[in-house]
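Participant: Here's a structure for you.
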Amino acid sequence: DQQVKQNSPSLSVQEGRISILNCDYTNSMFDYFLWYKKYPAEGPTFLISISSIKDKNEDGRFTVFLNKSAKHLSLHIVPSQPGDSAVYFCAAAVTGGGNKLTFGTGTQLKVEL
Amino acid sequence: KAGVTQTPRYLIKTRGQQVTLSCSPISGHRSVSWYQQTPGQGLQFLFEYFSETQRNKGNFPGRFSGRQFSNSRSEMNVSTLELGDSALYLCASRGASGGMPSSDTQYFGPGTRLTVL
């Protein structure tokens, strides 16, 4: 049972445009959400996170939006750069649940010149 | 500060063998988690160790086991390997106990690529 879903396995955008990556979850116990970026042959690196008490968190070019009623979150990258080309994973956690993260299957983002 | 290190980086085994993977967390980090990454499945949580105790466990068979030493280094063992165990095994460390998620998030190592023939 996939509790965190990323329904788009791949996304292609032009340099300078906005990239929007989407993530849905089913477990209403999740109250903390994270996005990780992964390059080939490297481990995932943390990008940005959001607590369920917020609906938006921004860090430079990256903004995460959370819609709790829809159990949906999205990552916006503006403007997209070629170096952003990577696999993006959405992850969810439960406060007090230790450090267990439940990940989505990832979206391969390709930023084209 | 040195990052999370995992050894070996690549491993080839045959069905039925057993394997041990090693993870050294960031200095001062006491929590170590293990994940399996396979195509189409994303990262799946195996288990977490904190202060030498297993604190969380994912839905994997008993062939997958782990332990943590007093210096926080962790090992993961897979016995009686199956073809489906071929995957990238990632280790992540975190300083906080995990009671309240914060920006002090988990840091991942580069992984061990296990191939079972």
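Participant: Ignoring ligands, DNA and RNA, what accessible area per residue does chain B give at 1.4 Å, in Å²?
Facilitator: On the way: 5340 Å² over 117 residues.
That works out to 46 Å² per residue.
Participant: Right, something else. Quick one: Karplus J couplings for the stretch B:27-36, per residue in order, coefficients 6.51, -1.76, 1.60, θ = phi - 60°, nearest Hz, x for Gly and Pro?
Facilitator: Couplings: 3, x, 7, 10, 9, 10, 10, 10, 9, 10 Hz.
Participant: Hey, rough spin-label estimate for A:H72 and B:R9, points 7 angstrom out along Cα→Cβ, what's it come to in nanometres?
Facilitator: 4.1 nm
Participant: Please compute how much accessible surface disappears when A pairs with B, both sides summed, using a 1.4 Å probe, and round it to the nearest 100 Å². If you can, show how the numbers build up before the last one.
Facilitator: Numbers: alone 6250 and 6230 Å², together 10640 Å².
That pair of chains buries around 1800 Å² in total.
Participant: In debye, nearest 20: dipole of the stretch B:1-103 around its Cα centre with unit charges on the Cβ of K, R (+) and D, E (-)?
Facilitator: Numbers: 11 positive and 5 negative charges, 30 e Å.
I would put it at about 140 debye.
Participant: So, in nm, how far is label A:D59 from label A:K110 when the simple model puts each one 7 Å beyond its Cα toward the Cβ?
Facilitator: Calculated label separation equals 2.8 nm.
Participant: Also: Using a simple charge model, +1 on the beta-carbon of Lys and Arg, -1 on the beta-carbon of Asp and Glu, nothing else, what dipole does the protein assembly as shown show about its Cα centre, in debye to the nearest 20?
Facilitator: Working: 23 positive and 16 negative charges, 72 e Å.
For the protein assembly as shown, the charge dipole is close to 340 debye.
Participant: Aspartates and glutamates within cross-link reach of B:K57: Cα-Cα under 18 Å, excluding same-chain residues under 8 positions apart?
Facilitator: Here the aspartates and glutamates satisfying the reach criterion relative to B:K57 are A:D1, B:E48, B:E75, B:D85.
Participant: Could I ask something else about it? Within the accessible area of the stretch A:7-90, what % is carbon and sulfur when the probe is 1.4 Å and the other protein chains stay in place? Intermediate values should be presented prior to the final figure.
Facilitator: Working: 2080 of 4080 Å².
After summing per-atom areas, the C and S share lands at 51 percent.
Participant: Within the stretch B:7-29, whose backbone N sits under 14 Å from a point 7 Å along Cα→Cβ of B:L83?
Facilitator: Output list for this probe position: B:14-16.
Participant: Through the Karplus equation 6.51 cos²θ - 1.76 cosθ + 1.60, θ set to phi - 60°, convert the phi angles of the stretch B:39-44 into ³J(HN,Hα) values in whole Hz; use x for Gly and Pro.
Facilitator: Along the stretch B:39-44, the couplings run x, x, 10, x, 9, 10 Hz.
Participant: Need one value: the accessible area of A:R17 in square angstrom, 1.4 angstrom probe, rounded to the nearest 10.
Facilitator: 150 Å²
Participant: Related question: Please give the per residue volume of the convex hull enclosing the alpha carbon atoms of chain A, rounded to a whole number of Å³. Write down the numbers at each step before the final one.
Facilitator: Details: hull volume 11.4 nm³, N = 113.
Each residue corresponds to 101 Å³ of Cα convex hull volume.
Participant: For A:K5, A:K38, write out the residues from largest to smallest accessible area, computed with a 1.4 angstrom probe and no ligands counted.
Facilitator: A:K5, A:K38
Participant: With the dipole of the stretch A:2-112 worked out from charges on the C-beta (+1 for Lys and Arg, -1 for Asp and Glu) around the Cα centre, which of A:T45, A:S8, A:S19 lies farthest toward the positive end?
Facilitator: The residue sitting most towards the positive pole is A:S8.
Participant: Ignoring any ligand, DNA or RNA, what whole percent of the accessible area of chain B comes from carbon and sulfur when the probe is 1.4 angstrom? Spell out each step's value before the answer.
Facilitator: Values: 2660 of 5340 Å².
Its accessible area is 50 percent carbon and sulfur atoms.
Participant: Once you charge only the Cβ atoms, +1 for Lys and Arg and -1 for Asp and Glu, what is the size of the charge dipole of chain A about its Cα centre, to the nearest 20 debye? Kindly include the intermediate steps, with their values, before the conclusion.
Facilitator: Values: 11 positive and 10 negative charges, 27 e Å.
The dipole magnitude comes to about 120 debye.
The values are calculated or read from the model by the stated rules, or taken from the named source; none is laboratory data. None of the values given here were measured: they were computed from a predicted structure. When we count neighbours, we look across all protein chains shown, and the Cβ atoms used for this are built from the backbone with ideal geometry, even at glycine. Protein only, heavy atoms only, side chains kept; ligands, DNA and RNA dropped before computing areas. Shrake-Rupley method; radii C 1.70, N 1.55, O 1.52, S 1.80 Å.
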